[in-house]
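What follows is a set of notes on a single structure, which appears directly below.
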Amino acid sequence: MYVSKTERTPERMRLKRFMISLARFDNQRLIFHAARQTLRKAEMARLAIHEWLNQHDFELEDWKTRRAFDLGISVSEVEQQLLVEAQGQQKNKNEEEDADSE
């Protein structure tokens, strides 16, 4: 490919370098804003869930009590089973994300 002498001037080269660095800066800025948006959305979801749990605490406790009675175990054992199940789901989700990223 032929490049004319006007395209190889120092000013033209500086402009090209500037444009490349500008694109890199824009990408970094977009990544930063996306991360900030994600954190803000996560915090909003956490607050909403916390409020919902506070409003429905009695119903949740009643459900755990009924579940424990149906299974013939204590409420603390039901809570422990729920925790183990949630951790297993999180582990599976993390493994799936790792497999997708590879």
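What fraction of the Cα pairs in the chain, stated in percent, has a spacing above 21 angstrom? That fraction is 69 percent. Projecting the Cα positions of Leu71, Gly88, Leu60 onto the charge dipole of region 56-102 (unit charges on Cβ atoms of Lys, Arg, Asp and Glu, taken about the Cα centre) puts Leu71 furthest along the positive direction.
For region 1-55, divide the Cα radius of gyration by the Kirkwood radius and give the resulting Rg/Rh value with two decimals. Rg/Rh: 1.52.
With a Förster radius of 25 Å applied to the beta-carbon distance between Ala34 and Asp98, the computed FRET efficiency rounds to 0.75. Taking every lysine pair in the chain that is 8 or more places apart or spans two chains, those with Cα atoms closer than 26 Å amount to 5.
The alpha carbons of region 56-102 give a radius of gyration and a Dmax of 15.0, 45 Å, in that order.
Throughout, read-outs are computed from the coordinates displayed, never taken from laboratory work. All values derive from a computational prediction rather than experimental measurement. Because the Cβ atoms are built from the backbone with ideal geometry, glycine has one as well, and the counts that use them run over all protein chains shown.
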